[in-house]
Amino acid sequence: MITDTTTDEIYEKLSTLLSDTVPDFELRLKAELAAEINRLKVVKNAVILGHNYMEPALFHSIPDFVGDSLELSRRAAETDKDIIVFCGVKFMAETAKILNPAKKVLIPSERAGCSLAASITAEDVRQLKQQFPGVPVVTYINTYADVKAESDICCTSSNAVAVVKSLKSDRVIFIPDEYLAGNVARETGKQIIFPTRDPLKRFPNELEYQMIGWPGRCEVHEKFSVEDIRNVRKQFPDVVILAHPECSPEVVEASDFSGSTTAMIRYVEKTRAPRYLLLTECSMGDNIAAANPEKEMLRLCSVRCPHMNEITLEDTLESLQKEQFEIHIDEEIRVKALRSVERMLEIGRED
Ligand code: 13P
Ligand code: SF4
């Protein structure tokens, strides 16, 4: 845990980890910003949570805790600090507020959205429930609070299969990620349909399907193709390929491992292959490469999440100074959303 560290200490750490990729003068500037953030964090009794996709200098300097969506939700629920600064995207900061409403939750940029969260509304969920009465709704954590409030249970990439199995239901509605749903359907042996793609078509009850999906996609992970994998394997036959489950089922099937961002980090740490390719947001590759210098990470590095990229050290400092941008959630929606998030937390992770 980083508390009140000086610029020199942070500069030394960043320099050891990142001097191969980041110019020295920039490391110094970033170390100064990080030191000021860490000083203010103590003064304001704040905790900083950093998602695995944060850019390397931020990731390795200011968060008290780093992790995937599930781990950071747990940290948010447990903290006794007055302020939670969420270095991640808005749905993550909202989840922190849902779980710990007495705290002031801040996000450093108001522009840090998510294409999956934007793909579905609470009204969409109400219509699905009308169309498929009595079928439980599993909602990926990458959604806004009003969508979670309409759901029975949430899931993250690290427990989606366990959550679906826990329901012991013949059918489930799984929203909004088409690809995550496809991957869960494949792993649980379920047939999936996408009724909103073909709104005029009727799906009679006797038809063989056990999952009802929604056509949302992550604008980052949808970019990877089986063709990319084939080409990389041709060039580097010994490469180990890891894919986030927001990639298409075909890409996941052609990869060597699939799991949440933290599961991928752990996989690289514990295996001995000389080279890895991560089919996910590219800053995470930089973060792993910095922490595991003996392992080579291949990059497809035009693939940066534009929303995660909004979160900078500069904005985080301003966020703490001005206590902006605060997350607010209507209390009725929060209480309903809390039920689905808490049900998920009882299940934990599967990887
Ligand atoms: P994780 O829960 O695996 O960290 O994923 C969050 C995310 O937004 C991936 O794109
Ligand atoms: Fe959303 Fe994709 Fe960015 Fe994750 S990587 S925050 S799913 S847009």
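The values are calculated or read from the model by the stated rules, or taken from the named source; none is laboratory data. All values reported here derive from a predicted model rather than from experimental measurement. We place every Cβ from the backbone using ideal geometry, glycine too, and count neighbours over all the protein chains shown. Note: accessible area is taken over every heavy atom of the protein model, side chains too, but ligands, DNA and RNA are not part of it. Shrake-Rupley method; radii C 1.70, N 1.55, O 1.52, S 1.80 Å.
Can we say Lys168 is within 18 Å of the chain's Cα centre (by Cα) and either open to solvent by 20 Å² or more (accessible area, probe 1.4 Å) or within 16 Å of ligand 1 (Cβ to nearest atom) (or both)? Break it down into steps so the answer makes sense when it comes.
On the way: within 18 Å of the chain's Cα centre (by Cα): no; either open to solvent by 20 Å² or more (accessible area, probe 1.4 Å) or within 16 Å of ligand 1 (Cβ to nearest atom) (or both): yes.
In short, no.
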Residues of the stretch 57-83 satisfying the condition of being open to solvent by less than 20 Å² (accessible area, probe 1.4 Å) and assigned to a helix (DSSP H, G or I): Ala57, Leu58, Leu70, Leu72, Ser73, Ala76
Close pairs (7 angstrom Cβ cut-off, 6 or more residues apart or separate chains): within 17 Å of Asp64 (Cα to Cα) and open to solvent by 10 Å² or more (accessible area, probe 1.4 Å) in the stretch 84-103, within 13 Å of ligand 2 (Cβ to nearest atom) and hydroxyl-bearing (Ser, Thr, Tyr) anywhere: Met92/Ser69
Residue satisfying condition, being more than 15 Å from ligand 1 (Cβ to nearest atom) and either touching an Asp or Glu at 6+ places or on another chain (Cβ under 8 Å) or within 30 Å of Asp228 (Cα to Cα) (or both), within set Glu326, Glu296, Glu310, Glu346: Glu296
Residue list for the stretch 172-189, restricted to those being assigned to a loop (DSSP other than H, G, I, E, B) and at pLDDT 95 or above: Pro176
Selection from the stretch 262-308 of residues that are surrounded by fewer than 23 Cβ atoms within 10 Å (Cβ to Cβ), more than 17 Å from His221 (Cβ to Cβ) and touching a His at 6+ places or on another chain (Cβ under 9 Å): Ala290, Ala291
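Condition check ((1) outside any loop (DSSP other than H, G, I, E, B); (2) in contact (Cβ under 8 Å) with a residue 12 or more places away in the chain; (3) away from ligand 1 (no atom under 16 Å from the Cβ); (4) among the hydroxyl-bearing types (Ser, Thr, Tyr)) across all residues:
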residue	(1), (2), (3), (4)
Tyr11	yes, yes, yes, yes
Val22	no, yes, yes, no
Ile48	yes, yes, yes, no
Tyr53	no, yes, no, yes
Every pair of residues 6+ apart whose Cβ atoms lie under 7 Å, when the first sits in the stretch 241-259 and is free of Cβ contacts under 8 Å to residues at least 60 places away in the same chain while the second is in a helix (DSSP H, G or I) and not aliphatic (A, V, I, L, M): Leu242/Tyr267; Phe257/Tyr267
Members of the stretch 280-307 that are within 14 Å of ligand 2 (Cβ to nearest atom) and within 16 Å of the chain's Cα centre (by Cα): Thr280, Glu281, Cys282, Ser283, Met284, Gly285, Val303, Arg304, Cys305, Pro306, His307
Residues located in the stretch 66-83, provided they are touching a strand residue (DSSP E or B) at 6+ places or on another chain (Cβ under 8 Å), in contact (Cβ under 8 Å) with a residue 24 or more places away in the chain and within 16 Å of ligand 1 (Cβ to nearest atom): Gly67, Asp68, Ser69, Glu71, Leu72, Arg75, Ala76
Filter result for Cys114 (in contact with a Leu (Cβ under 8 Å, 6 or more places away or on another chain), in contact (Cβ under 8 Å) with a residue 12 or more places away in the chain and within 16 Å of ligand 2 (Cβ to nearest atom)): no
Positions within the stretch 204-261 being open to solvent by less than 10 Å² (accessible area, probe 1.4 Å) and in a helix (DSSP H, G or I), in sequence order: His221, Ile229, Val251, Thr261
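I want to confirm something. Restricting to the stretch 126-151 and keeping residues that are free of Cβ contacts under 8 Å to residues at least 40 places away in the same chain and open to solvent by 10 Å² or more (accessible area, probe 1.4 Å), which single residue is nearest to ligand 1 (Cβ to nearest atom)? Steps first, answer last, please.
The first filter runs over the stretch 126-151 and keeps only residues free of Cβ contacts under 8 Å to residues at least 40 places away in the same chain, leaving 126-127, 130, 133-134, 136-138, 147.
So of that shortlist, the ones also open to solvent by 10 Å² or more (accessible area, probe 1.4 Å) come out as 126-127, 130, 133-134, 136.
Details: Arg126: 25, Gln127: 25, Gln130: 29, Pro133: 31, Gly134: 29, Pro136: 21 Å.
Per the criteria, the residue is Pro136.
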Flag for Cys154 being under 21 Å from Pro306 (Cβ atoms), outside any helix (DSSP H, G or I), within 15 Å of ligand 1 (Cβ to nearest atom) and open to solvent by less than 30 Å² (accessible area, probe 1.4 Å): no
Filter result (within 16 Å of ligand 1 (Cβ to nearest atom), touching a strand residue (DSSP E or B) at 6+ places or on another chain (Cβ under 7 Å) and free of Cβ contacts under 8 Å to residues at least 60 places away in the same chain) within the stretch 265-293: Tyr267, Val268, Leu278, Leu279, Gly285, Ile288
